[in-house]
Amino acid sequence: MKGIIVTKHKQQKYINRDLSWLQFNGRVLQEAEDPSVPLLERLRFLGIFSNNLDEFFKVRYATIKRIVEAGKVGRSELGGVAAAELLEEITQTVIDQQHMSLEILKDIEIELGKKDIHIIDETQISPSQSKFISEYFIRVVSPALVTIMLSELEEFPMLKDSAAYLAVRMVMQEEDETFKSKINYALIEIPRVIDRFVVLPEEDGKKYIIILDDLIRHCLGNIFSIFYYESIAAHMIKITRDAELDIDSDLSRSFLEKISKSVARRSSGDPVRFVYDSSIDKDTLQYLMNKMGIDTMDSIIPGGRYHNRRDYMKFPNLGRKDLLYDVKEPLPIPGLSLQGSLLDKIAKKDYMLYAPYHTFSYVVKFLREAALDPKVHSIKITIYRLAEVSHIASSLINAAKNGKDVTVQIELRARFDEVANISYAEQMQEEGVKLIFGVKGLKVHCKACVVERMEHGKLKRYSFISTGNFNESTAKIYTDLTLFTAHEGISKEINKVFNFFEVNYQVKKYRHLIVSPHYTRNAFYHLIEKEIENKKNGLSSGIKLKLNSLSDYKMIDKLYAASKAGVQIQLIVRGICSLIPGVKGMSENIEVISIVDKFLEHPRLYIFDNGGQSKFYISSADFMGRNLDSRVEITCPIYDEDIKQELLDTFEICWSDNVKARIISEKQDNYYVRNDKPEVRSQLALYDYYLQKLN
């Protein structure tokens, strides 16, 4: 795959974060392209690629567009690129990637055909399939359709964000007197409540699937049967809108109400991207763009026949396990049985859960035990994203029903999960759970829980702290670290963070935790500077970081300074990386890789050599300005020597990956790590590592 080639007369210091993110999405597309990935998984990677793009345009493209509309250049914020130029470069990159994704989809469909799975369109339907489709349309699809006759409307309708529409063009017969014009237009909204992929009856041992869009195209005669037309054609379009939440300042409304209202307004945000079937009639395209007010600052992208390819994430598996990844059962944590009391075991020793290699059941078990234990009198937890059916939420409600003092800090502004979080907030509030809606001006992104228990007349605290969300669904596909501990200092300071939520004009002091927005930036500066000092003094030094994104320019400058001093730096960055490694005189001692594979890499693990007395941290914070300065984040030290060794081992396994790791470089070309060492696919190797620990 081609990447973005950075060609500047002057050596660039940073890669623009948005162009870097597009190359991360390019790595996702590489997984869809990779013939060694099972076929149905390749389709799902195409869906992830498409879903990622939708969110990117709703948030990042919309933000850059706002900079342009405000009459600003934005070079300092955008890594030296002017905002208007950046919009053009993004659009061109996305057009190239979209073209590639269509070629990949064609290849996958050919390979599926070889496996007797055929995705057919409306021109390939057999007589028996036509009968099934007609009945299915009348019974299932027709009642859910919204069809809008555009020619009869004074105002063009507001198209829903990210919904897919068939733009229909009818050329009328002379005898049709319904319309004044010979050419008329309509829109059919593709229903979201119906599965996008309709499985047709099997024929001759072969499986057939038709996409809902094509099923509707086949039934256009049924939909428009009251009109007389010479010809009819339908092409897909989609609009993406600015998803920024604008929260009103009405003092009479609760924060819950304000967020609900703002989320509702999102559907009418300004358009930022218009995608259309490139085979659409030019007159139809111009008619639609004029009516919708699409302008030159919007990203206008000619696409293929189908949009909303994010739906491929839910492509039916058709019982073909041979075309899916092998399922490996999550493992138990050595020495930490799910039988008996977890709290009693945690009282004696810290434990680390690495999902999805370990089962997430430990987190649920911890909360369920606390909900029932008569000695527990309070539970405090932060929530950012919950599963659709959340055992976490039900455990907290259970605890409240048992008379526990349950406090939940729930982030209502978790991007695209606002509706789900509002729903859970209302449920918990009704059941007596005390809710905190964060700190004004700060998102609460940390993932922590503390339980207070009376033991022998004294208060004892137990806690867990994580790099990821307390979400049973994502814990199966995101890799994340969760520490269970009864360390009094850590647990007491987690409690301090909850006190800050309620009395946030008081800035707390911490000896163990590093907490944003007050301390994280300077704490990491100090840790990096210590490595520089140790290197200059001839002591052992080195930095190993595993994180999702690295885009903060000041933090990058600190890493550049460490590189210039000779400190060896190894970075594993899944997504955005604005740092340019391997440049002589700037970053020659920095290496960066990115791993994209079956699971989404999500842990933040920070290791500083510290003169041979290594310091280990897990964190909810990436090295982005928002995590360092405008969110509540917790970085937690690891004190247990066994866990330190385990974390070092897992980092080294990831660093050794020569199957799914890509080299991050100035060229941004997503070149795979390849060497003559034994093959290491880190996600498989990590499972084996933890499996061996059980023996």
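The values are calculated or read from the model by the stated rules, or taken from the named source; none is laboratory data. The shown structure was predicted, so the numbers you read here are calculated from the model rather than taken from an experiment. With ideal geometry, Cβ positions are generated from the backbone for all residues, glycine too; neighbour counts draw on all protein chains shown.
Numerical summary
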{"quantity": "Filter result (of a type in the set (Asp, Glu) and either within 20 Å of Asn627 (Cα to Cα) or assigned to a helix (DSSP H, G or I) (or both)) within region 459-492", "calculated": "Asp480, Glu488"}
{"quantity": "Unique match (being of a type outside the set (S, T, N, Q), within 26 Å of the chain's Cα centre (by Cα) and either more than 30 Å from Leu46 (Cα to Cα) or modelled with pLDDT of 95 or more (or both)) among Tyr306, Tyr362, Tyr312", "calculated": "Tyr362"}
{"quantity": "Number of the condition not met by His99 [criteria: (1) under 25 Å from His218 (Cα atoms); (2) surrounded by fewer than 16 Cβ atoms within 10 Å (Cβ to Cβ); (3) not assigned by TED's automatic domain parsing to the domain that holds Phe274]", "calculated": "(1)"}
{"quantity": "All positions within region 571-603 that are of a type in the set (Val, Ile, Thr) and within 22 Å of Arg44 (Cβ to Cβ)", "calculated": "Ile595, Val596"}
{"quantity": "Matching option when the condition is surrounded by 18 or more Cβ atoms within 10 Å (Cβ to Cβ) and at pLDDT 95 or above, among Leu435, Leu372, Leu367", "calculated": "Leu367"}
{"quantity": "Of all residues making up region 390-430, the number that are surrounded by fewer than 16 Cβ atoms within 10 Å (Cβ to Cβ) and either over 30 Å from Glu55 (Cβ atoms) or modelled with pLDDT of 90 or more (or both)", "calculated": "5"}
{"quantity": "Ser181 vs. criteria touching a helix residue (DSSP H, G or I) at 6+ places or on another chain (Cβ under 8 Å), loosely packed, with under 15 Cβ neighbours inside 10 Å and in a loop (DSSP other than H, G, I, E, B)", "calculated": "yes"}
{"quantity": "Leading residue by the ranking (nearest to Ile494 (Cα to Cα)) among those in region 459-473 that are among the charged types (D, E, K, R) and touching a residue at least 60 places away in the same chain (Cβ under 8 Å)", "calculated": "Lys460"}
{"quantity": "Which listed residue is outside the structural domain of Val198 (by TED's automatic domain parsing) and among the acidic types (Asp, Glu), from Glu111, Glu135, Glu175, Glu152", "calculated": "Glu111"}
{"quantity": "Residues satisfying the stated conditions in region 656-695, i.e. in contact with a strand residue (DSSP E or B) (Cβ under 7 Å, 6 or more places away or on another chain), of a type in the set (S, T, N, Q) and in a helix (DSSP H, G or I)", "calculated": "Ser682"}
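Each row is one residue, and each column tells you yes or no for (1) among the hydrophobic types (A, V, I, L, M, F, W, C); (2) in a helix (DSSP H, G or I); (3) on the phi < 0 side of the Ramachandran plot.
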| position | (1), (2), (3) |
| --- | --- |
| Gln11 | no, no, yes |
| Leu19 | yes, yes, yes |
| Arg27 | no, yes, yes |
| Arg44 | no, yes, yes |
| Glu85 | no, yes, yes |
| Met100 | yes, yes, yes |
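Every residue, every condition in (1) surrounded by 17 or more Cβ atoms within 10 Å (Cβ to Cβ); (2) touching a residue at least 60 places away in the same chain (Cβ under 8 Å), yes or no:
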| position | (1), (2) |
| --- | --- |
| Phe24 | yes, yes |
| Leu43 | yes, yes |
| Phe57 | yes, yes |
| Tyr61 | yes, yes |
| Arg75 | no, no |
| Ile95 | no, yes |
| Glu109 | no, no |
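Quick grid of which residues meet (1) in the same structural domain as Phe524 (by TED's automatic domain parsing); (2) farther than 18 Å from Thr482 by Cβ; (3) at pLDDT 95 or above; (4) not β-branched (Val, Ile, Thr):
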{"site": "Asp597", "(1), (2), (3), (4)": "yes, yes, yes, yes"}
{"site": "Ile638", "(1), (2), (3), (4)": "yes, no, yes, no"}
{"site": "Asp642", "(1), (2), (3), (4)": "yes, no, yes, yes"}
{"site": "Ala661", "(1), (2), (3), (4)": "yes, yes, yes, yes"}
{"site": "Glu666", "(1), (2), (3), (4)": "yes, yes, no, yes"}
{"site": "Tyr672", "(1), (2), (3), (4)": "yes, yes, yes, yes"}
{"site": "Arg681", "(1), (2), (3), (4)": "yes, yes, yes, yes"}
